[in-house]
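Notes follow once the structure below has been shown.
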Amino acid sequence: MSYRELLARREGRLFLEDVPVAELARRFGTPLYAYARSGLIERADRLRAAFGDAPALVAYSVKANMNLAVIRTFLERGCGVDVTSAGELERALRAGADPQKIIYSGVGKRSDEMDRALAAGIRMFNVESLEELELLDQRAGAAGTRAPISFRLNPDVDPKTHPYIATGLRHSKFGIPIESATDAYARAKALSNIDVVGVDCHIGSQLCDLGPIRDALLRIKQAVLTLRREGCNVELIDVGGGLGVEYSGSDDPPSPEAYADTLLEVVGGLDATLVCEPGRSLTAEAGIFLTRVLYRKENGEHRFVIVDGGMSDQLRPMLYGAEPRIETDPERPGEPAAVDVVGPVCESTDRLAKDRPLPPLERGDLLVLRDTGAYGFSMSSNYNGRTLAAEVMVEGDRAELVRRRQTLEETWSGETIPDFER
Ligand code: LLP
């Protein structure tokens with residue numbers, strides 16, 4: 001079973017669901033992110049269904065796409081959320097998340113962030129160091145409450161993904177070594193304001209191979225059995241996120257069903273609720289990034305297409321060498337020729353595509369970068385004084401603005417010029 005095609009060409013024009021992308025660009029301007037609601041729903045429903053009747057919580061990892069409308073869409077489908085900062089926590093709460101379906105991950109939680117999450121009454125803190133544990137115990141005590149925790153165990157497996165998004169190797173900053181689980185949990189049990197409720201791991205992102213996931217889970221299973229023998233309560237087994245998507249023909253991610261089957265097969269029989277934290281696999285393919293051709297030029301042999309979106313809007317090509325597929329609107333006849341698609345930011349690395357065969361384009365044409373619904377807008381910045389792009393959600397033939405374009409004034413609001421001469 002494959003997903004419904006969200007982006008399709010009809011008589012030469014591109015449509016996202018039933019809305020022409022040219023209309024999106026006209027109404028909302030460019031650069032622009034657009035998300036197909038049915039695509040988000042289809043992915044959430046399919047992953048949830050893949051767990052069948054097994055007790056499982058799909059906790060959408062907000063970092064992939066933190067727009068309130070996107071979060072709400074997943075909440076409406078029964079998902080929980082995985083958050084990684086007070087900002088994401090607050091967004092999830094604003095979108096209407098049930099605190100008992102909120103998991104708080106992250107290697108550097110501040111005390112004020114802990115306080116907020118404790119006050120909200122979240123389901124579980126995924127703790128990543130003993131010092132964090134001690135602080136969390138203190139903050140829970142001060143608030144007159146108890147903190148439900150797991151430790152993020154680092155299973156030391158190679159997830160076979162891009163090194164920047166591999167997190168489960170011994171040298172990584174994440175989690176605690178799995179060998180130290182016994183001592184860490186013993187310490188947690190001894191603290192008066194901590195409730196041990198689970199174990200957690202996350203080995204990396206854009207995982208296209210079930211082998212490392214299975215290896216990590218086998219180690220987690222052993223840890224669970226050991227911890228239980230030592231009297232620890234393990235009612236939640238959080239396997240993290242990471243399920244990959246097919247950005248190009250060379251990616252071959254497992255299906256949600258194969259992924260869920262692997263989780264159930266290895267840790268499903270342990271009488272615990274399975275938690276997973278997918279981000280990318282729920283949002284990437286439902287989103288597009290729209291940018292308009294400003295200019296064309298040739299510098300020596302090199303042909304450039306200069307567009308109005310760049311690394312401040314879409315960082316993945318620059319940071320990870322991502323090569324998103326690009327469609328053009330309108331469809332242009334003519335022999336494709338290799339061009340560099342570059343943005344307006346003053347950095348040589350501000351290049352969305354290198355030597356990409358594209359048909360001859362005109363000024364004002366639209367380029368559509370596919371599969372950019374994850375880690376697109378959420379990693380954008382104001383670099384070069386650029387405003388944050390607008391975001392829209394499409395359903396059928398309707399398009400709604402879900403985040404208006406930032407104004408210039410907003411980019412400097414909060415700044416002041418001190419008068420040191422006074
Ligand atoms: N849980 C934890 C603890 C994580 O660190 C992450 C991602 C996730 C869940 C969600 O992983 P996903 O299902 O989306 O793979 N900016 C990079 C990806 C960074 C992922 C960071 N952690 C990129 O654009 O490829």
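Annotations for the structure displayed:
- Amide hydrogen proximity for residue 208: with H placed 1.01 Å from N in the peptide plane, no residue at 5 or more positions away or on another chain lies under 5 Å.
- In the chain, the DSSP beta bridges split such that about 50 percent are antiparallel, to the nearest 5.
- Per-residue ³J(HN,Hα) for segment 140-146, Karplus 6.51 cos²θ - 1.76 cosθ + 1.60, θ = phi - 60°, Hz, x for Gly and Pro: 5, x, 4, 8, x, 9, 10
- DSSP-defined antiparallel bridges as percent of all bridges, segment 105-278, nearest 5: 5
- Percentage of interatomic Cα-Cα distances in segment 335-422 larger than 15 Å: 75
- Averaged over its residues, the chain has an accessible area of 44 Å² per residue, based on protein heavy atoms and a 1.4 Å probe.
- Per-residue packing, averaged as other Cβ atoms within 10 Å, sorts the ranges 355-366, 89-100 into the order 89-100, 355-366, beginning with the highest.
- In this structure, residue 26 and residue 169 have a Cβ-Cβ separation that, at R0 = 56 Å, corresponds to a calculated FRET efficiency of about 0.75.
- Counting every pair of alpha carbons in segment 105-278, the share spaced more than 24 Å apart comes to 36 percent.
- Nonlocal amide H pairs with residue 350, under 5 Å, H built at 1.01 Å: none
- For residue 156, net neighbour charge (Lys/Arg +1, Asp/Glu -1) across residues whose Cβ lies under 10 Å away: -1
- Amide H contacts for residue 273 (H built 1.01 Å from N in the peptide plane; partners 5 or more residues away or on another chain; cut-off under 5 Å): 236, 237.
- Pairs from 101/160; 109/160; 101/189 whose Cα-Cα separation, in the structure shown, is over 32 Å: none
- Extension reserve of the residue 346-residue 409 stretch, reckoned as 0.36 nm per residue once the Cα distance is removed: 20.5 nm
- With all protein chains modelled, accessible area of residue 379 [1.4 Å, Å²]: 50
- Taken one residue at a time, the phi angles of segment 17-34 give Karplus couplings (6.51, -1.76, 1.60, θ = phi - 60°) of 6, 10, 10, x, 5, 5, 5, 4, 5, 5, 6, 10, x, 10, x, 8, 9, 10 Hz. Gly and Pro are set to x.
- Oblate is the label for segment 3-49, because the ratio a/c of its alpha-carbon gyration tensor axes (a ≥ b ≥ c) is 1.5 or higher and a/b is not greater than b/c.
- Residue 273 - accessible surface, heavy atoms, 1.4 Å probe, Å² rounded to 10: 40
- Partner lysines for residue 297 [C-alpha distance under 19 Å; skip if fewer than 8 residues away on the same chain]: 354
- Global form of the chain, assessed from the alpha-carbon gyration tensor, a/c cut-off 1.5: prolate
- Sum of side-chain charges, residue 388 neighbourhood, beta-carbon under 14 Å (Lys, Arg +1; Asp, Glu -1): -1
- Inter-part distance where segment 1-65 and segment 363-405 are each reduced to a Cα centre, Å: 13
- Kirkwood's formula applied to the C-alpha pairs of segment 1-132 gives a hydrodynamic radius of 16.7 angstrom.
- Potential extension, residue 303-residue 45 segment - 0.36 nm per residue separation minus Cα distance: 88.5 nm
- Within-14-Å neighbourhood charge of residue 328 [Cβ basis; K, R +1; D, E -1]: +3
- Just the protein heavy atoms count here, and of the accessible area of segment 4-150 at 1.4 Å, carbon and sulfur take up 46 percent.
- Between residue 251 and residue 182, the modelled label-to-label distance comes to 4.1 nm, taking each label 7 Å out from Cα in the direction of the beta carbon.
- For the chain, the longest principal axis of the alpha carbon atoms and the long axis of helix 210-229 meet at an angle near 20°.
The values are calculated or read from the model by the stated rules, or taken from the named source; none is laboratory data. As the structure is a computational prediction, the values presented were derived from the model and not from experiment. Heads up, the Cβs are rebuilt from the backbone with ideal geometry, glycines too, and the neighbour counts pull from every protein chain shown. For accessibility, only protein heavy atoms count, side chains too; no ligands or nucleic acids. Shrake-Rupley method; radii C 1.70, N 1.55, O 1.52, S 1.80 Å.
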